[in-house]
Each structure stands twice: as C-alpha cells, then as structure tokens.
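Trainee: Below you'll find the structure I mean.
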Amino acid sequence: KDSAAGNGKKEKQTQQNIKKNRNALQLALEAGRQGIWEWDAMNDKIRWIGNEREYTGNKDEAVRNIYPGDRQKFGLDLKKALEKKGRLETEFRVQGRRGETFWMSIKGQVLSDDLGRPVKMTGVTMNITESKKAQEEISHRERKFRAIFETAQDAIIIADDNMRIKDANPAASGLLGYKPYELIKMGMGDIAVSGQPLDMMRMWEQFLKKGVQGGELDIVRADGRTRTVGYRASANILPNRHLWVLRDVTDQKIEERRSEHFLSIAGHELRSPLTSIKAYIQLLRRQVRGKEDKKLGEYLDKADKKADMLASFISDLMDVTMIRQGKLEFNPERFDYDHLVQEIIKDFRLSARTHKLIRTGRCSKRVMGDKTRISQVLVNLIKNAVKYSPGADTVRIKVATKPGIVETAVQDFGLGIRKSELRGLFDIYFRGSDERKKAIAGMGVGLYLSSEIVHQHGGKMWVKSREGHGSIFYFTLPVEGKARKYHRLKG
C-alpha cells in the first residue's frame with residue numbers, strides 16, 4: 001500500500017510538473033506570438049500549440065485556414081521541402097476566428113525514416129502581422145518619396161558621408177547636364193566650379209556637424225557653363241545618406257545685380273539735384289528772413305523736411321546696394337555706447353513732439369564698432385517706434401549689459417505686428433499687409449539695413465510683438481575686446 005501510495009504521489013507530482021512546464025511554455029509562446037507544430041506525414045495528423053489554444057487536424061483542414069490567394073505558394077513550398085527532405089520556410093495569411101486576417105511565418109524541418117521517406121515535420125509558427133504592417137508602411141513611404149523624388153521640379157541629390165553621389169532625380173540631371181548614371185559616379189566636389197572643391201570639403205564637414213545647411217553655391221554643368229544654385233541640405237535622412245535640394249537662381253541673381261546697378265546709378269544721379277534743391281531752399285530762407293510772410297516760411301520748412309526725407313531714402317537705397325554687393329564700409333572704433341544712446345535720445349526729444357522717450361538701464365562697457373552705423377540702427381528703431389504708434393505717446397529705450405554683450409530694447413505701444421508677418425519682418429522691402437501701416441511712408445528697407453549692420457558687428461536682432469499691443473525690438477552688440485567680422489573695413 002505504501003509503495004502504491006508513493007507511486008501515486010510521484011505520478012501526481014509528475015503531472016503537476018508537466019502542467020507547470022506546459023503553462024510556462026504556453027506563456028513563452030504567447031509572449032513571443034509563436035506556436036509549435038508537428039505533422040505526422042504517415043498518418044496525416046497535425047498538432048499545433050500556441051496563442052492560448054491547441055489545434056489538431058489534417059493537412060487539408062489546416063490549408064483551408066490559409067488565405068485562398070496564398071494556398072498555391074504554400075503548397076509549392078511544402079512540396080519542395082518534402083522532395084528535398086530539407087527545411088520549410090514560408091509566409092502566408094490566415095483568417096482568424098473573428099474574420100480578421102493576419103500574417104503567419106512558418107518554419108519546419110523534415111524528418112525521414114531509415115528508407116529516406118519523409119515521415120514527420122516539426123517546427124514553429126510566428127504571428128508577423130505587425131512586422132508586415134511596418135514593412136508595408138516603409139514601402140508606402142519609399143514609393144511616396146520616390147514619386148516626389150522623380151517628379152520634383154527642384155534638383156534632388158542624395159550623397160554619402162564621403163560626398164559621393166548615390167542618387168539623383170531627373171531635375172538634377174537637367175540642372176547639371178549629366179545622365180543619372182553619370183552622376184552616381186561623381187562626388188559633390190566634382191560639380192563645384194573650379195577652385196571650390198576645397199571650400200566644398202570644409203562646408204561638408206560643417207554640414208555633417210550641424211545636420212542642416214542652406215545657402216548658395218556655384219556649380220559647373222557638363223557643358224562647362226557655370227550656374228548659381230540655392231540649396232537646402234539635411235543630413236542623415238537615412239544612415240550615411242544626406243539629402244540636398246538645389247534650385248537654379250542664376251537668372252534671379254542676374255536680375256538682382258541689374259536692380260542693384262540701377263539703384264546705385266539712380267542714387268548717385270538723384271543726389272546731385274537733391275543737393276541743389278537743398279541749396280535753393282537755404283537761399284530762399286535767407287531772402288525771406290525778416291519778412292512777415294509766415295506762410296512762405298512754413299512752405300520752405302515743409303520742403304526742407306521732404307528733401308531730408310528723400311535724402312534719407314536715397315541713402316538707405318545706396319546702403320542696401322552696398323550691403324548686397326558686400327561693399328558697405330565700416331569704420332570700427334572704441335566708443336562710449338552709453339553716451340551715444342544718450343545723445344540720440346536728446347536729439348529726438350528736441351524734435352519728437354508727439355512722444356515722450358523714457359530711458360532705463362546703462363552700459364558700463366565700451367563698444368568696438370562703427371559708431372555712425374550703430375547710431376543709424378538705434379535712430380531707425382526709435383523712428384519706427386514713433387511712426388507706428390500714432391495712438392500712443394511713449395517710447396521706452398532700455399539698455400542692459402550682459403556677459404560679453406550689450407542689449408538694447410526699443411519698445412512702443414502702437415499697432416503691433418501680426419504673428420504671420422514676424423518671420424519676414426527683416427527681409428528687404430518687406431511691408432506689412434495692415435492698411436494702417438501702408439498709409440505710413442516707408443520703403444521697407446530700414447529693418448533690413450539695421451539687422452544687417454547689427455549682424456556685421458557680430459550681434460543679433462529680433463522682435464517681440466502682439467498686434468494691437470505694440471512691439472519691442474531688441475539688438476545686441478559685442479562689448480569691447482570680443483572678435484567680430486565686417487564686410488569691409490575702410491582703409
């Protein structure tokens with residue numbers, strides 16, 4: 001009895017262990033979205049365990065669960081494995097119990113008897129639906145990218161870390177004059193004009209560090225003609241693959257040079273008669289001095305102001321031309337910035353009758369730069385603050401010394417700027433769409449000039465504004481001793 005009881009206890013323990021191991025296997029299969037299967041080929045019996053359930057049946061019954069369009073391929077793969085007595089590896093779709101369709105991957109090994117006849121297959125299955133969806137999404141994106149790539153009007157080039165061109169679209173072929181198969185044998189340095197490859201290498205190193213880059217580049221076509229292109233580049237769109245988008249701006253640059261040439265000539269030609277007009281106004285002033293004709297005096301004052309306004313416009317146009325040609329001259333010197341700000345405010349207080357100028361903060365450092373140009377920036381910002389706040393009476397100027405820089409803020413409480421227009425505010429000839437602003441005189445070059453002057457001094461300019469609540473224009477300048485670059489230094 002004791003022996004029988006002991007055997008019964010052992011058998012019970014064995015069954016518990018089997019159940020425990022089976023549950024562990026079931027959990028592992030479920031976690032891995034896998035199943036194990038065995039097919040007794042001699043008796044045509046299939047057993048499959050996985051996904052919280054078991055299946056038993058024969059081959060034909062199992063095949064009926066396979067999506068109709070995949071059955072033929074499965075049959076051919078199975079036949080090949082049996083004939084070669086090797087491995088079975090295939091994929092197919094299966095109809096679920098709730099009517100859903102999912103993808104399965106099946107792998108198995110053929111087992112043969114002593115006579116070499118296949119008697120059994122055993123292996124694993126895996127639910128690969130998510131993997132298939134991911135592959136399809138990648139394929140969809142690749143097809144979409146390829147469609148855009150092939151039909152884009154801009155030239156698109158894909159290059160590797162070593163500047164070697166790996167792909168180019170038809171627009172790139174048209175721009176550069178090479179066949180696509182010719183381009184993929186070339187490097188980015190090969191399309192740069194003579195003398196630029198070294199610069200291109202330096203630029204490429206900076207590009208890989210930054211991740212994005214844009215600007216202009218001179219390229220040479222297959223026929224030897226030189227073109228100027230604007231480009232925008234993004235690094236590592238894929239590992240070791242970098243995207244370059246190029247657009248031919250040669251005609252645009254030629255038109256810009258013509259426009260700049262015209263403005264330069266017009267500016268010079270207008271200055272001479274304007275000087276004469278100013279001289280005649282002064283002569284008339286002397287002739288009417290002491291006479292009681294007040295109206296004539298008022299007319300002469302207005303004419304003089306209009307002449308000054310025209311002179312300012314001409315000067316701005318000339319400066320724009322010089323900046324765009326890289327010829328604007330700077331006369332750097334060390335000067336007391338705090339004193340400069342105070343003098344400008346003092347001058348405005350004498351002439352600006354509609355607004356009160358309030359200054360806060362001081363600059364304890366000297367600045368190295370072109371005093372006249374920096375004065376031009378501050379004067380322009382204060383003029384704008386007065387001009388674009390017709391319903392207000394206060395302009396605030398704040399100066400603050402910060403590590404390595406002096407920061408100046410000019411605040412008005414006027415019309416403000418629409419959020420949609422902030423991005424292009426410092427572009428040349430930019431004018432807001434607000435009808436009230438269009439009625440205010442201006443050419444849209446003042447902020448462009450000011451920002452360029454500040455940038456050439458190594459500083460920054462930006463704005464914070466809410467429409468209807470006024471604006472604050474900020475700019476920074478490096479303090480004395482900090483390195484800076486200028487377009488051109490006079491002398």
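Trainee: Given the options 147, 171, name the one that is outside the structural domain of residue 108 (by TED's automatic domain parsing), more than 14 Å from residue 244 (Cβ to Cβ) and assigned to a helix (DSSP H, G or I).
Mentor: 147
Trainee: On to the next question. Answer with yes or no whether residue 350 is aliphatic (A, V, I, L, M), assigned by TED's automatic domain parsing to the domain that holds residue 428, outside any loop (DSSP other than H, G, I, E, B) and without any contact (Cβ under 8 Å) to a residue 12 or more places away in the chain.
Mentor: yes
Trainee: Name the residues in region 375-406 that are touching a residue at least 60 places away in the same chain (Cβ under 8 Å), in a helix (DSSP H, G or I) and in contact with a strand residue (DSSP E or B) (Cβ under 7 Å, 6 or more places away or on another chain), would you?
Mentor: Correct list: 377, 381, 385.
Trainee: A further question follows. Contact list please: Cβ distance under 6 Å, first residue in region 132-151 and within 28 Å of residue 105 (Cβ to Cβ), second residue surrounded by 11 or more Cβ atoms within 10 Å (Cβ to Cβ), pairs at least six apart or on different chains.
Mentor: As it stands, the answer is 132/103, since those pairs meet every condition given.
Trainee: Would you check which residues across region 220-241 are touching an Asp or Glu at 6+ places or on another chain (Cβ under 7 Å), surrounded by fewer than 16 Cβ atoms within 10 Å (Cβ to Cβ) and assigned to a strand (DSSP E or B) and list them?
Mentor: Selection gives 226, 241.
Trainee: Say whether the condition of being among the acidic types (Asp, Glu), over 30 Å from residue 313 (Cα atoms) and out of contact with any strand residue (DSSP E or B) (no Cβ under 7 Å at 6 or more places or on another chain) is met by at least one residue in region 238-251.
Mentor: no
Trainee: Do you know which of the residues in region 40-61 that are among the charged types (D, E, K, R) and not in a helix (DSSP H, G or I) is modelled with the lowest pLDDT?
Mentor: Checking each candidate, the answer is 52.
Trainee: Does residue 173 satisfy the condition of being within 22 Å of the chain's Cα centre (by Cα), surrounded by 13 or more Cβ atoms within 10 Å (Cβ to Cβ), more than 23 Å from residue 326 (Cα to Cα) and polar (S, T, N, Q)?
Mentor: no
Trainee: Is at least one residue of region 306-319 farther than 22 Å from residue 448 by Cβ, of a type outside the set (Val, Ile, Thr), at pLDDT below 90 and surrounded by 13 or more Cβ atoms within 10 Å (Cβ to Cβ)?
Mentor: Yes, that holds for at least one residue.
Trainee: Quick check: anything in region 110-122 polar (S, T, N, Q) and within 22 Å of residue 238 (Cα to Cα)?
Mentor: No: zero hits.
Trainee: Would it be correct to say that residue 360 is more than 37 Å from the chain's Cα centre (by Cα), in the same structural domain as residue 428 (by TED's automatic domain parsing) and of a type outside the set (Gly, Ala, Ser)?
Mentor: In short, yes.
Trainee: Quick check: anything in region 330-337 in a helix (DSSP H, G or I), in contact with a Phe, Trp or Tyr (Cβ under 6 Å, 6 or more places away or on another chain) and closer than 30 Å to residue 260 by Cβ?
Mentor: no
Trainee: Residue 250 versus (1) more than 30 Å from residue 170 (Cβ to Cβ); (2) surrounded by 10 or more Cβ atoms within 10 Å (Cβ to Cβ): which is the lone unmet condition?
Mentor: (1)
Trainee: Hey, another quick one. Of all residues in region 64-76 being part of a helix (DSSP H, G or I) and either crowded, with 16+ Cβ neighbours inside 10 Å or among the hydroxyl-bearing types (Ser, Thr, Tyr) (or both), which is modelled with the highest pLDDT?
Mentor: 70
The values are calculated or read from the model by the stated rules, or taken from the named source; none is laboratory data. On a predicted model such as this, the values are computed, not experimentally measured, just so you know. Using ideal geometry, Cβ is built from the backbone for each residue, glycine included, and neighbour counts are taken over all protein chains shown.
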